[in-house]
Amino acid sequence: MRILACADLHGRPERIARVRALVLEHQPAVLLLPGDLTHAGHGEEALSLLHTLSIPVLAVSGNMDAPNATLAMRRHGALLEGPPRVIDGVAFGGPDADVPCDVLVVHEPPHGVLDVVPTGKRIGSEKVREKVLRLRPRLLTCGHVHESPGIERVGDTLVVNCTMGDGKTGGALIEITPAIVTARLL
């Protein structure tokens, strides 16, 4: 399965257009949006991605998404909450996942992984790190830390910070098969 993952759009028109172009170019089976689609109540045009593409879109809220963004995600069936959602045999879980899944979609990276800000401080989530170590998903997608896009491992889990917030990275293209998970930043 080919997955396109893009976090931290912050409602910016050029990022929304880039996501649409990447969907057309790479023809993913699923689009993951790991939070901050909008920015403090602005940039709500990003929410159109939830229902105007020809592929399933799965999303989680970020710290900059106002409550109405979360409601829109839920209304369009994109919000990853509750039990994992299975698409083509791949189980996708959100931040509240409490059972194993193949792909965990969260906003904040796990503490100590792709979470360094310019001061050198690590701002990742201890809760996410604990969840990764406990549930052991094959893949975790996140954003939030604009300065740390990248791909690393925590045990057997491939962690992809697919932020678009650095102004250079265009998300990530991920391939997940029964045998392997690979990713590259765009």
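The values are calculated or read from the model by the stated rules, or taken from the named source; none is laboratory data. None of the values given here were measured: they were computed from a predicted structure. Cβ coordinates were reconstructed from backbone atoms using ideal geometry, including for glycine residues, and neighbour counts include every protein chain displayed. Ligands, DNA and RNA are stripped out before the accessible areas are found, and what is left, the full protein with its side chains, is counted by its heavy atoms. Shrake-Rupley method; radii C 1.70, N 1.55, O 1.52, S 1.80 Å.
Using a Förster radius of 25 Å, what is the FRET efficiency between residue 76 and residue 135 based on their Cβ-Cβ separation? Nearest 0.05, please. Once the sixth-power term is evaluated, E becomes 0.45.
Relative to one another, the C-alpha centroids of region 124-155 and region 1-53 are positioned 20 Å apart.
Each DSSP beta bridge with both residues in the chain is either parallel or antiparallel, and the antiparallel ones are about 50%. 3J(HN,Hα) along region 30-35: 8, 10, 9, 10, x, x Hz, from the Karplus curve 6.51 cos²θ - 1.76 cosθ + 1.60 with θ = phi - 60°, whole Hz, x for Gly and Pro.
Taking a Cβ cut-off of under 15 Å around residue 171, the surrounding Lys, Arg, Asp and Glu residues balance to a net charge of +1, with basic ones at +1 and acidic ones at -1.
Given their separation in residues at 0.36 nm each and the Cα-Cα distance between them, residue 51 and residue 180 gain 43.5 nm when the chain is fully extended.
Please calculate how many Å² of accessible area region 1-155 carries per residue, with a 1.4 Å probe and no DNA, RNA or ligand atoms counted.
Numbers: 6770 Å² over 155 residues.
Computed with neighbouring chains in place, this is 44 Å² per residue.
Between residue 26 and residue 1, the modelled labels are 1.5 nm apart [label points 7 Å from Cα along Cα→Cβ]. Once both labels are positioned 7 Å from their Cα atoms along Cα-to-Cβ, the gap between residue 117 and residue 156 label points is 3.5 nm. The label point for residue 168 and the one for residue 147, both projected 7 Å from the Cα toward the Cβ, are 1.4 nm apart. Among residues other than residue 35 with Cβ under 12 Å from its Cβ, the summed charge is -4 (Lys and Arg +1, Asp and Glu -1). Each of (i) 10.2; (ii) 17.4; (iii) 9.3 is a candidate for mean projected area of the Cα convex hull in nm²; the one calculated from this structure is (iii). Sequence-ordered 3J(HN,Hα) estimates for region 108-113 from the Karplus curve with 6.51, -1.76 and 1.60 and θ = phi - 60° stand at 7, x, x, 4, x, 9 Hz, glycine and proline given as x. Computed from phi, the 3J(HN,Hα) profile of region 181-186 under the Karplus parametrisation 6.51, -1.76, 1.60 (θ = phi - 60°) reads 10, 10, 8, 9, 6, 9 Hz, with x in place of Gly and Pro. On the accessible surface of the chain, probed at 1.4 Å, how many percent belong to carbon and sulfur atoms? Within the chain, the accessible surface is 54 percent carbon and sulfur.
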